[in-house]
Amino acid sequence: MRARRDVQVERLLGGARYFGSTPGEDGDFRRAPRFFLIAEMNELLGDERSTYETFRQLDAMYPAQAQSCAHVALDATVAMRDFALAQRYCRDPLESLDTVNVNARELPLFPPSRQPPQLSGNLIGLVRDVRIGMAILRGRGEDAEADKLAETMLTGLESAELRDLARRELDTPGTIVRVVVEHQMAEEDRERAL
């Protein structure tokens, strides 16, 4: 798989932005960004460094393209402690806070069977953005600002249930997915028992 990944990296840096094509809903074909494929391969390989290095080179050669896929590369960039590069591409960590609050008034945290858990997805995105923002701040020695960012998110969440989940997600990434899946499985068990 490493050899195949390396071929994809070479093609990407050679200017081939997209990989293959996939059918869209209306039958037309859409191309997938090659960087996303490379990042997925690196995730399977456990190779964050390669995702970071590829992104760093993409930033140097094709900054507009790097901008369009930065959200996929930020975790690896922070993990490699390149806080300056991560800062350049990091959006406002609290940008989606209002959206989460609005959705919390309209959507259930645990939707009925076969409906996507949109609210929990929004919350996961918000916490991820805040976690990345905190890591960048801590990496620059701004620990008090990092703590303030977390506190601003937590106090800004209107729902006590979402606040609790966000706090737990900050402490243990993956908590929200686990809680939602456990709830969905319990609901499916109840439905089967009827």
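Any idea how many residues of the stretch 114-124 are polar (S, T, N, Q) and buried (at least 22 other Cβ atoms within 10 Å of the Cβ)? It would help to see each step written out before you state the result.
The initial filter retains those residues of the stretch 114-124 that are polar (S, T, N, Q), namely 115, 118, 120, 122.
Still in the running and buried (at least 22 other Cβ atoms within 10 Å of the Cβ): 120.
The qualifying residues number 1.
Answer yes if at least one residue in the stretch 168-188 is surrounded by 11 or more Cβ atoms within 10 Å (Cβ to Cβ), of a type in the set (Asp, Glu) and either at pLDDT 95 or above or closer than 29 Å to Gln67 by Cβ (or both), and no otherwise. Checking the stretch 168-188: at least one residue is surrounded by 11 or more Cβ atoms within 10 Å (Cβ to Cβ), of a type in the set (Asp, Glu) and either at pLDDT 95 or above or closer than 29 Å to Gln67 by Cβ (or both).
Filter the stretch 23-40 for residues that are at pLDDT below 75 and not acidic (Asp, Glu); which is surrounded by the most Cβ atoms within 10 Å (Cβ to Cβ)?
Of the residues in the stretch 23-40, the ones at pLDDT below 75 are 23-30.
Still in the running and not acidic (Asp, Glu): 23-24, 27, 29-30.
Details: Pro23: 9, Gly24: 9, Gly27: 6, Phe29: 9, Arg30: 11.
In this case the residue turns out to be Arg30.
Can you tell me how many residues in the stretch 125-148 are under 15 Å from Asp98 (Cα atoms) and crowded, with 21+ Cβ neighbours inside 10 Å? Lay out the reasoning, then the answer.
Of the residues in the stretch 125-148, the ones under 15 Å from Asp98 (Cα atoms) are 125-127, 129-130.
Narrowing the set further to residues that are crowded, with 21+ Cβ neighbours inside 10 Å leaves 126-127, 129-130.
Of the residues in the stretch 125-148, 4 are under 15 Å from Asp98 (Cα atoms) and crowded, with 21+ Cβ neighbours inside 10 Å.
Scan the stretch 101-114 and tell me whether some residue there is hydroxyl-bearing (Ser, Thr, Tyr), under 30 Å from Pro63 (Cβ atoms) and either part of a helix (DSSP H, G or I) or touching a residue at least 12 places away in the same chain (Cβ under 8 Å) (or both). No, there is no match, as no residue in the stretch 101-114 is hydroxyl-bearing (Ser, Thr, Tyr), under 30 Å from Pro63 (Cβ atoms) and either part of a helix (DSSP H, G or I) or touching a residue at least 12 places away in the same chain (Cβ under 8 Å) (or both). Here Pro173 fulfils each of the conditions (1) in a helix (DSSP H, G or I); (2) under 23 Å from Tyr89 (Cα atoms) apart from (1).
Please indicate, with yes or no, whether at least one residue in the stretch 71-91 is within 14 Å of the chain's Cα centre (by Cα), surrounded by fewer than 17 Cβ atoms within 10 Å (Cβ to Cβ) and part of a loop (DSSP other than H, G, I, E, B). Yes, the conditions are met somewhere in the stretch 71-91. Listed by first and then second residue, the pairs with beta-carbon distance under 6 Å, at least 6 apart or on different chains, first residue in the stretch 85-96 and in contact (Cβ under 8 Å) with a residue 40 or more places away in the chain and over 13 Å from Cys69 (Cα atoms), second surrounded by fewer than 16 Cβ atoms within 10 Å (Cβ to Cβ) and among the polar types (S, T, N, Q), form an empty list.
The residue pairs whose first member lies in the stretch 5-22 and is surrounded by 15 or more Cβ atoms within 10 Å (Cβ to Cβ), whose second member is among the basic types (Lys, Arg) and at pLDDT below 90, and whose beta carbons are closer than 6 Å, counting only pairs six or more residues apart or on different chains, are Tyr18/Arg31.
The values are calculated or read from the model by the stated rules, or taken from the named source; none is laboratory data. Values in this document were obtained by computation on a predicted structure and should not be read as measured data. Note that we place each Cβ from the backbone using ideal geometry, even for glycine, and neighbour counts take in every protein chain shown.
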